[in-house]
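Shown next, in structure tokens, is the structure this report addresses.
A short reminder: the numbers here are calculations on the coordinates, not readings from a lab. In this text, all values refer to a predicted model and were calculated from it rather than measured experimentally. Cβ atoms come from the backbone with ideal geometry, glycine included; neighbour counts cover every protein chain shown.
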Amino acid sequence: MSAQFLYGGAGILLFALGLWSLLVHEALLRKLIAINIAGGGVFHVFIAIAYRGDTAPPDPVPHALVLTGIVVAVSATALVLALHRRLEQAEESAADAEGRSESASASSAAPPPRTPTERTPTERTPTELTPADLTPADLTPETLHPETPHG
Amino acid sequence: MKRDLALLLGILLALLAALLLWALHATLALEPGPRLAELASARLEETGVSNPVTAVLLNYRAYDTLLELAVLLAALLGIWSLGPAPAGYQRSGPALAALVDWIVPLAILAGGYLLWVGGHAPGGAFQAGALLGAAGVILRLSGEPSAGLPGEPAQRWLVVLGAGVFAVVGGGLLASGFGFLTYPPGQAKWLILLIESAATVAIGVTLTAAYVGGRPGSGTAHNGTGQSRTVQR
Amino acid sequence: MTLIPWLLVAAWVWPLLLAWPVAGQGGSWRASSATDGAVTAAVPSTAPITVPSKAHWRGFLTILGPLPALLAALLLPVGTRLELPWLFLGTALELDPVGQVYLLFTAMLWLIASVYSAFSLRTAEHAGRFGALFLLAMAGNLWLIVGQDLFSFYAGFAMMGLASYGLVIHDATPSALRAGKVYLVMALLGEVSLFAALVIIAQQTGSTEPSPEDLAQLTALPIALVLLGLGVKAGLVPLHLWLPLAHPAAPVPASAVLSGTMIKVALLGWLRFLPVGTQALPEWGGLLAAGGLLTLFYALPVGLVQADPKAILAYSSVSKMGLLMLVLGLVLMEPALAPVGVAGIALYAASHALAKGGLFLGVGLRKQAALRPALVQPLVLGGLLFLALALVGAPFTSGAVAKYALKPVIEGADWPWVAAAVTVSTVGTTLLMGRLIWVSAGTRTHSAPGYLWPGIAWALLIALVALFPFVLGKATSWTTNSVAVPLGVVLATLVALAAWRNPDWLKPLIGLIPAGDLIVLSRPIGALVKAFGGWLWRPLGRSAARIARFAIDRYERVCNEPPGDVERGLRAWSVAGALWIGILALLVLALLSGEPLVDNGEASDQVGIQADSGRQAEAIANGELPPD
Amino acid sequence: MADLLILPVLVPLLGGLLATALPVRSALVGTLAALATSLSGLGITLLVWLHGDLGTVLGGWGVPLGIGLSADGLSAALLAMASLVALAISIYAGSYFAGSAQARHFWPLWLLLWSALNGVFLAADLFNLYVMLELLGLSAAALGALTGKREAIAANLRYLLVGLLGSLTYLLGVALLYTAYGTLDIGLLGERLGPTPIAATALALMVSGLALKTALFPLHFWLPPAHANAPAPVSAALSALVVKASFYLILRLWTELFAPIADIGAATLLGLLGAGAVLWGSWRALRAQRLKLLAAYSTVAQIGYLFLFFPLLASLPPGTARDDLFAACVLMALTHGFAKAGFFLAAGLVQRKAGHDRISELGGVAQRMPATTFSIALAGSALVGLPPSGSFIGKWVLMRGAFETGQWWWLPVTVLGTLLAAAYVFRVLSRAFGLEPTPLQFVTNARSEIPALLLAFASVALLGLAAGPVWAILGFGAAPA
């Protein structure tokens, strides 16, 4: 009983700590780790309630739920990471474009030659961003410029 | 301002944690009544497997597991929609390459074992799939741009294999009058094994593809820094 | 025979159905300019934009719109009823006595206005849009007349009011857009108050089709809200602001129905949703009567100094609505007058609708009908003169009969001086109509093709108005107003003669009070107050000015500047998170402290967890085991 | 017969898998699967209509062990709405994504999302609901980021994290319930649940997690950027359907499962948040300079109206008056689904044509697309709550209920929200009254304009004129008098 509470209580503490870290820290990777810790805390609670005492076999249902939950968490983590990388690329290319236009306006010299390794993924696949997507709406002050989750 | 908010959050969360601890304590303090455990083990023999967790995952609550495969697939589809895969890593040196040559088959073998053992002991499709995924990750890390995965068409079929076989078996059972995912007695074991095998492959491929991190496609994996390293092993 | 009651449905569904093909007529617009071409080229379009050479036949479908309603008004016996329990939450359509009169004159006027609009606007820009909105407004107007329940009334009212917004701003000129803005704001305020009023009526009477007896139990709030909500539509001073702006701004056929039928709807609503004839409401009745008197006498002088004939007509409508509100107020004060009063109001509304609609159409004809043959324009002017006489209630006209019907109420009222006041107002109205004829006579005509059929339809309307007294009125009623109107005519003639001899004599008065009086007037008054305030209390004035400048500044910023991203702070994780956890904490506290209010049978008996686990064990042991 | 309950989940799932495997044919596969899914959803609605509540337990194990599926009137009503709206979105998407590389990404994710949506409406198991919500959230975020624009990705990244946080909190509530009552089945739990502190804590956790996902003010911060920056069909699905899934769950938990403990104080808190949503969302919509942003804020406001019903429901004893309120709440949710989907689809067409969606510069474009402008007008009047739309009846019953229960303070909120809504809708519509040329045809592109038009029309005419069936399918005898 007390071991069960210890384990489950630790889960709840992990949940709260994960929440705190998620809400306070700015960097996305920290947030991602934090939310995984919070999820781990919830899974802890499930594991704890499966415990049936020393003699009885544990309840398999919460175990199975936790397995399912882990797969869901893995999937979500993968998607968050991919979105994050894509966001960084988009920002890099935006910064690149800015830099290029600045250098072009500063001098009429041709832009510095770019090696293939410098090419950004956006440039590699022009089909990804169709002209219809790059509407002038993006350039209005009204366009939401939401804070990126890490800054 | 920010510090104040963080402090406020800390206090609020501490209160929340205290409340939750109290609730958990109050719940655990009760007499443990009969739960699903007894029922689950009482009917374990009918499920076709002897590992209770596998019984829950693939028989009692197979519907959840099917959807969980769909969640995995959705994440991969989301990753694919964001663009092609980035270039791979530098080709590993000879020592690491030798190690990889040795580890990857072992991981695949261990995956197969875990899949089989899942019927009666801890193990099963997810553990096995995770090992396959790990093998893929190791391949990718060692400089193999495609992480050992086949081309896009085959990869697409492989990632839908798990949920596909699961859903087709369920739908077939529904069509033949048993009800969705209601295995006929006697055939449960083999159907579960079929589903688990398909799921293992699909999970392994999906995890690897998610690690590769972008849409597979002709040439996309070989651009950038990977251009000079297209030599196949 | 059982099909006949469905005419009540067809009356308003048919125009709705017609709106679709009419909207698709596309209208006709002039050959595309260079800029249009550039736009089309820049935006690849699959839609072929072609210029139709002549009016599309679909435009004429508008004329068919009011026919079922007219048939219903003419053929159906009073009391025909049709229950539609599936519509909304149960509605009923019925032709009651007042409704029949309303349906008749409404359908007639819409029919004639439809003919006018179909022919005169067929080659205009966006005829399809105008036609569709015209039909929508028509459907709404007819629906609220045949619908007996609160839902139908409100639905028709809202449909009519909002479709009219499109009619008002149809020309898209700056003045039309401004009129539309004023109209929309006031109409929405009216509609929302009416909505609230109807909800409260439904709640207090427990019925969506309340009888006058049900309505006797209403409290002050719904009565006030009904008066307010419909007062906007009726043009009750000072809620009339939109009316003299919107009616002249709309195209001629739309003005005719706006002024002829749509504002009358307010009276119908009051007759249905106020306890008319069952309960004496001295305070509310007195208030309405006083408001009516104010409206009656306020609009006359303001109308007299207008230069635009349509504005003159709009103010005349305001004044006449004031008369009807006065009568309704008197009826509310003295329920015994209700039977005769209600009939009188309906008759007067009918007479005024036809005459006023005819006057608006006539003003339009005066402006646009062809000069050839030479007889046409004098005939139009003659028609206008006749309609003006009918409107003021000259003997042997429809107006005289209608006025006679109101007489018992006016003379039977507690206030003896009301009769005298009404007589004075008749003289004033005569002067106003004299002014209209004067202005119309001087109108320069710009002839346009296509006014033959509208002219014929208009002639038919005049014939109807001419026949009105002899069909509906007794001989004794024909000579009503035999003093007041001639007096007014004499006065008007004198003024006209003087103005003719010395044209500069009255000039300063014209345009003194612009249409949309109060809105426009408030500006100089504000300036005046500011000047005096500054002189009297300079420091106070200065700070007031500063506050005013600040307020205007803020207002401008709210209206014209794109908003800043005020939610940026909220999107910060720590802020959002603190709010979220705060809500979670409040929720827990509320749930833990609260007593369950809903007693949900056995679920809420205060079993503890102990007992519950026991029951759970029992459940698993007995019933809940899976079937084998 | 009850076995068929799985079909609305299974059909789109299979369709999604097939569309993944056959990327070149994804549009064809997707359209066919959409048609089949819609039919299966409507079929279930019909079965519920004819035979009453349906329920089955998958796997043949019975309730505590297996996962239950059930369809009552509430599920069926939302299922039918989702089937129709999602079908229209699918047809529209076929034309919207035609010839675009995005099509092959859209279809599989869209079908998975639809599967999860139907799954939420049919689930009778708390943990299964968690999995469904995650599938919904993941596929929705992936779809929302489909344009690849920076704003879209940033917004959907936030949406994904918020969604995860919400689901985790919900899951913790489930864990507490399983600890205390030993079952995950909603029906069985309903029998065992009493007014205990644990149940109260679990309810608070679950509702606050779901409120985050359904964007209840002030937790709506993620919604406007996410919904405004997605491709038009996705915006429509997110605003019309996805937020409804978590709202549906809140409604179900609050009024059914936790009815013994959901007391008036907590319900008033939800009502206050709803009132804040109505006022703030409408105000922000009025100030928005972009059409899609306006629509997104309008969603925030409309979600708020749904929560205004909670304190009224909590203060009425079971009976006709309470049934009317419940049905009106559902009716408003359904109407908003149709109207907002129609609005977003039409807004997407305007954006395509104009190359932007700045409201102040839309005049000419609105003139050139009469059917689309008409859709916006119809959907807009449903959002305002003009008769004969479904939200008119919803607001009618809401205001009457506020009077009946003496909670008159919800009245000014509703009235003010309605006025603000009229202001923002007419602000858009008045742009369409220019003197620019109009094309000869009313409909210029049938495949994309007709779905929007039909959705908008349904929100105004279908649900308003014949609201009776909503009462009937919810099992309430007569409509309110």
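Where does the charge balance sit around D:Thr418 when Lys and Arg score +1, Asp and Glu -1, over other residues with C-beta under 10 Å from its C-beta? Can you show the working numbers first?
Numbers: positive: D:Lys395; negative: C:Glu191.
Net charge in that neighbourhood comes out at 0.
Taken one residue at a time, the phi angles of segment B:114-131 give Karplus couplings (6.51, -1.76, 1.60, θ = phi - 60°) of 4, 4, 5, 6, x, x, 9, 9, x, x, x, 4, 5, 5, 5, x, 4, 5 Hz. Gly and Pro are set to x. Computed extension length for D:Leu46-D:Ala472: 152.1 nm, one decimal, from 0.36 nm per residue of separation with the Cα-Cα distance subtracted. Gain on full extension, evaluated as 0.36 nm per residue between D:Glu256 and D:Ser100 minus their Cα-Cα distance, stands at 51.6 nm. Couplings for segment B:20-30, taken from phi via the Karplus curve 6.51 cos²θ - 1.76 cosθ + 1.60 with θ = phi - 60°, read 5, 4, 4, 5, 5, 4, 4, 6, 6, 6, 6 Hz in order; Gly and Pro are left as x. Computed over neighbours whose Cβ is under 14 Å from that of D:Thr255, the net charge equals -3, Lys and Arg +1, Asp and Glu -1.
Across segment B:51-63, coupling constants 3J(HN,Hα) worked out from phi with the 6.51/-1.76/1.60 Karplus curve, θ = phi - 60°, read 8, x, 5, 4, 4, 5, 5, 10, 10, 4, 10, 5, 4 Hz, and Gly and Pro carry x. Counted by Cβ distance under 14 Å from C:Ala390, the other residues give a net charge of +3, where Lys and Arg count +1 and Asp and Glu count -1. Could you list the residues of segment C:339-367 with an amide nitrogen less than 20 Å from a label point located 7 Å from the Cα of C:Leu460 in the Cα-to-C-beta direction? Within reach of a label on C:Leu460: C:350-366.
In terms of overall dimensions, segment D:116-225 has a Cα radius of gyration and Dmax of 15.4, 49 angstrom.
Mean per-residue shielding of peptide D:350-360 is 4, counting Cβ atoms of other chains within 10 Å of each Cβ.
Which percent of the Cα-Cα distances in chain D go past 43 Å?
9 percent
Neighbouring Cβ atoms from other chains, within 10 Å of the Cβ of residues in D:363-373, number 3 on average.
Computed from the C-beta positions of C:Arg81 and D:Ala461 and an R0 of 22 Å, the FRET efficiency is 0.40 to the nearest 0.05.
A straight Cα-to-Cα reach below 21 Å connects C:Lys367 with the lysines C:Lys310, C:Lys356, residues fewer than 8 places away in its own chain not being considered. The mean number of Cβ atoms from other chains found within 10 Å of a Cβ in peptide D:22-29 is 1, as a whole number. Binning all Cα-Cα separations of segment B:48-218 at 10 Å, short to long from zero, yields these whole-percent fractions: 11, 36, 31, 17, 5, 1.
If you take the alpha carbon radius of gyration of segment D:281-410 and divide it by 2.2 N^0.38 Å, what ratio comes out, to two decimals? Walk me through the intermediate numbers first.
Values: Rg = 16.8 Å, N = 130, 2.2 N^0.38 = 14.0 Å.
Scaled against compact globular proteins, the figure is 1.20.
For segment A:2-106, the Kirkwood estimate of hydrodynamic radius, built from reciprocal distances between every pair of different alpha carbons, is 16.4 Å.
Write out the trypsin sites (Lys or Arg not before Pro) in segment C:394-491 meeting two conditions: DSSP loop, and at most 11 other Cβ atoms within 10 Å of their Cβ. Kindly include the intermediate steps, with their values, before the conclusion.
Values: sites: C:Lys403, C:Arg435, C:Arg444, C:Lys474; in loops: C:Arg444, C:Lys474.
Here the sparse-neighbourhood loop sites are C:Arg444, C:Lys474.
Using 0.36 nm per residue, how much length does the chain from C:Glu213 to C:Leu487 gain when fully extended, once their Cα-Cα distance is taken away?
Numbers: separation 274, 0.36 × 274 = 98.64 nm, distance 4.42 nm.
Once the chain is fully extended between C:Glu213 and C:Leu487, it gains 94.2 nm.
Straight-line reach from D:Lys149: taking Cα to Cα under 21 Å and skipping same-chain neighbours fewer than 8 places apart, the lysines in range are D:Lys292, D:Lys353.
Percentage of Cα-Cα pair distances in segment D:264-481 greater than 25 Å, rounded to whole percent? It would help to have the intermediate numbers written out before the result.
On the way: 9121 of 23653 pairs.
Tail of the P(r) past 25 Å holds 39 percent of the pairs.
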